[in-house]
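The structure appears right after this line, and notes come after that.
Quick note: the coordinates plus some simple rules give every number you see, no bench work behind them. Computed from a predicted model, the values in this text were never measured in an experiment. Positions of Cβ are generated from backbone atoms using ideal geometry, with glycine treated the same way; all protein chains shown enter the neighbour counts.
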Amino acid sequence: MGAIGIFDSGVGGLTVLRSIAERLPGVPMVYLGDTARVPYGAKSRDTVIRYARACAELLLERDISMLVVACNTASAFALDILREELDVPVLGVIEPGARDAVAATRNQCVGVIGTAGTVRSGAYQHIIRQLVPSMHVVAKACPLFVPLAEEGWTEGPVPLAVAGEYLNDFRESGIDTLVLGCTHYPLLRQVIGETMGKDVALVDSADATSRVVAEVVSSMAPSLVSQDADRRLRFLVTDAPEAFAQVGRRFLGHDIGPVEWVDVV
Ligand code: DGL
């Protein structure tokens, strides 16, 4: 019996946990935020792979029956490796988001925004073109969205100005669908939507992923995912549990409760 294990570079993956919890109320989850080493978005592929392996190992020691890589950057660089190396099902956020984008577009022009690492990896672009080879895909890194979301600056002139700087040329590129390819971007959905205009559909990778997780859970033997109410949600971080609880409250939509500090090497 095990919980769903979820990891992210920090607090952002709580958008994925929140969406899973809404679809699967009562299913136990253990969440690891690698707050000592956040952000992953600006780091090299090798470093992100090393961090992702350490996070996965730590969660496997906590008796999980599946692993969700909630971080887009870690999914982009490390998903295939983790799938090869681990004995539990491993799900990432990129393929579900890519699939939803392909389903949403009407003019076959899709935009993707994410961290520098996610965009550089080409992971979204690759999967979207694998699904539909003729698809036109444009991608752009929007790194300032991460601190804005963490600071709670999700509305008003500052995020609107930043969104305008990043996205104005995207508006002219003809895309009709935009993938929010980073854990933090759902918090800025309104500002991003206002900037892109109502004719551009926004695809939330967190939401898309939770749908896939729900499908996988329902196909597993019921005993694999424990329904033990006492162990429902557990939160682990590699640094600063208080700050995680404080910022995380906004991402999760309610109090986080106790946060355990853990060490990873
Ligand atoms: N969680 C990261 C992602 O979704 C964003 C924050 C970071 O750069 O670590 O790519």
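Give the average over all directions of the projected area of the C-alpha convex hull of the chain, one decimal, in nm². The orientation-averaged projected area of the Cα hull of the chain comes to 13.0 nm².
Entry note, region 120-257: relative contact order of 19 percent, from Cα contacts under 8 Å with a spacing of 6+ residues. For the chain, a Gaussian network of Cα nodes joined below 10 Å ranks SER19, SER173, SER65 by mean-square fluctuation, and the top entry is SER173.
The alpha carbon gyration tensor of region 93-237 gives principal lengths a ≥ b ≥ c with a/c of 1.5 or higher and a/b no greater than b/c, which makes the shape oblate.
By definition, a body whose alpha carbon gyration tensor gives a ≥ b ≥ c is prolate when a/c is 1.5 or more and a/b is larger than b/c, and region 10-55 fits this prolate description. Charge dipole of the chain (Cα centre as origin; +1 on each Lys and Arg Cβ, -1 on each Asp and Glu Cβ, all else neutral): 420 debye, rounded to the nearest 20. Over all distinct Cα-Cα pairs of region 11-141, the Kirkwood formula returns a hydrodynamic radius of 15.5 Å. Seen through its C-alpha gyration tensor, with square-root eigenvalues sorted a ≥ b ≥ c, region 82-163 comes out oblate because a/c lies at 1.5 or above while a/b is not bigger than b/c. Dipole of region 1-119 computed with +1 at Lys/Arg Cβ and -1 at Asp/Glu Cβ about the Cα centre; of GLY26, SER65, GLY117, farthest Cα towards the positive end is GLY117. Springs between alpha-carbon atoms under 10 Å, Gaussian network over the chain: tell me which of ALA103, ALA139, ALA116 tops the mean-square fluctuations. It is ALA103.
If you run the Gaussian network model on the chain, springs between alpha carbon atoms under 10 Å, then out of ALA245, ALA161, ALA101 the most flexible one is ALA161. Each of ALA149, TYR185, VAL137 was placed along the dipole of region 137-194 (beta-carbon charges, centred on the mean Cα), and the one lying farthest toward the positive end is VAL137.
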